[in-house]
Structure formats: C-alpha cells, structure tokens
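Visitor: Would you mind keeping the following structure in view while I ask a few things?
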C-alpha cells in the first residue's frame with residue numbers, strides 16, 4: 001500500500017511539473033504514420049515489390065533446378081552403391097583392381113553430390129545477399145520520398161515528432177528538441 005501512495009505522489013508531482021514548465025506551454029505535438037499501409041498503397045513501392053518478386057522467382061527456379069539435379073544424382077549414387085554392395089556380397093568382384101575401381105566410382109559420385117550440395121548452399125547465401133542488396137537499392141528512393149513527404153506534412157501541421165506505427169521508430173523529430181549535444185557536454 002505504501003508504494004502505491006508513493007507512486008501516485010510521484011506521478012502527480014511529474015504532471016504538475018510538466019504543466020508548469022515552459023516547454024509544456026509550447027505544447028508538443030506528436031503524430032504517427034503506418035509505413036506498411038503507405039508501402040502497400042504507394043504505386044512506386046508496389047512496382048519495386050513486383051520487380052523483387054520476379055527476381056526472387058528467377059532465383060527460386062534456379063535453386064529448384066539445382067535441387068532436382070542433386071536429388072537425381074543422389075538416386076543414381078544410391079542405385080550404384082546398392083549394385084556395388086550386391087556385387088561384393090555375391091562375389092562377382094574378384095580382384096583388388098575391380099574393387100578399387102568400384103570404390104573410386106562410388107567415391108567420385110559421393111564427392112560430386114557433396115560438391116553440388118555445398119555449391120547450392122553457397123548459391124542460396126549469395127541469392128539472399130543479392131536480394132537484400134537489391135531491395136535496399138530499389139526501396140531507397142521510395143523511402144526517401146516517403147520520409148521527405150512526412151517531414152513536409154509534419155512541418156505544415158506543426159507536429160514536433162512523427163513515429164512509425166509499424167515498428168515504433170521515430171521518422172521525424174523537430175531539431176529544436178534535439179538535446180544530443182547538451183547530453184554530450186554534460187557527460188564531458
């Protein structure tokens with residue numbers, strides 16, 4: 001019970017301080033936007049999204065082709081391995097040279113499949129990096145346009161701060177309220 005009275009007391013003191021401070025008299029205005037809604041409805045953003053989806057489809061088709069190739073080679077390997085096992089068990093392989101040739105053939109297929117798998121993994125990583133880079137390049141002018149428009153609207157409406165509803169980040173802040181250098185001076 002004591003702590004709740006203390007909390008209420010501190011809250012009342014804080015509210016009174018805000019009301020009687022000079023900055024509260026100037027009345028700070030805060031606004032927000034939903035960037036997801038803007039991006040869904042802005043034609044330039046839709047065009048960029050369509051281009052990215054097309055690029056992603058090309059990459060996915062290539063990945064799928066490579067995966068199919070690896071699967072078919074794995075099936076060939078499995079079949080040849082089973083045939084080799086049967087030959088060894090039945091005694092069809094008599095000499096060390098035949099055994100060595102069979103092992104090299106199976107080992108070569110196994111190495112090829114492993115190399116293809118590693119290549120596919122590297123390709124997937126490259127694709128992911130390329131898509132992220134391309135997305136950043138394509139969306140940069142769109143984001144700059146949106147940010148500039150938000151600043152213009154905020155200034156015209158005399159809004160001091162604008163936040164993004166989608167992720168909670170501040171998109172626009174009035175320079176008069178920037179206390180960065182005051183904090184740095186105090187820290188020094």
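Visitor: Radius of gyration and Dmax for the chain's Cα atoms, expressed in Å?
Guide: 32.6, 101
Visitor: Please arrange 149, 169 by counting, for each residue, the other beta carbons lying within 10 Å of its beta carbon, fewest first. If you can, show how the numbers build up before the last one.
Guide: On the way: 149 13, 169 9.
In increasing order of surrounding Cβ atoms, one gets 169, 149.
Visitor: Residue 101 to residue 30: extension gain in nm, 0.36 nm per residue of separation minus the Cα-Cα distance?
Guide: Values: separation 71, 0.36 × 71 = 25.56 nm, distance 7.72 nm.
So the chain would gain 17.8 nm between residue 101 and residue 30.
Visitor: Taking neighbour Cβ counts within 10 Å as the exposure measure, how do 115, 147 sort from fewest upward? Please report the intermediate quantities before stating the final value.
Guide: Numbers: 115 10, 147 14.
In increasing order of surrounding Cβ atoms, one gets 115, 147.
Visitor: Apply 1/(1 + (r/R0)^6) to the Cβ-Cβ distance of residue 51 and residue 85, taking R0 = 45 Å, and write down the FRET efficiency to the nearest 0.05. Intermediate results must be reported in sequence, preceding the final value.
Guide: Numbers: r = 51 Å, r/R0 = 1.14.
With a Förster radius of 45 Å, E is 0.30.
Visitor: Let me ask something else. In 5 Å bins starting at 0, how do the alpha-carbon pair distances of the range 56-141 split up by percent?
Guide: Pairs per bin, as whole percents: 3, 13, 16, 15, 11, 10, 9, 7, 6, 4, 3, 2, 1, 0, 0.
Visitor: Between the helical axis of 96-156 and the dominant principal axis of the chain, each derived from Cα atoms, what acute angle in degrees is found, rounded to the nearest 10?
Guide: Roughly 20 degrees between the two axes.
Visitor: Let me ask you something else. Could you rank the peptides 157-163, 55-61 by their average count of other C-beta atoms within 10 Å per residue, with the highest value first? List each step's numbers first, then the result.
Guide: Working: 157-163: 15.4, 55-61: 12.7.
Going from most to least packed, we get 157-163, 55-61.
Here, each number is a calculation from the coordinates, and none is a lab measurement. From a predicted model like this one, the values you see are computed outputs, not experimental measurements. Please note: Cβ atoms are built from the backbone with ideal geometry, for glycine as well, and neighbour counts cover all protein chains shown.
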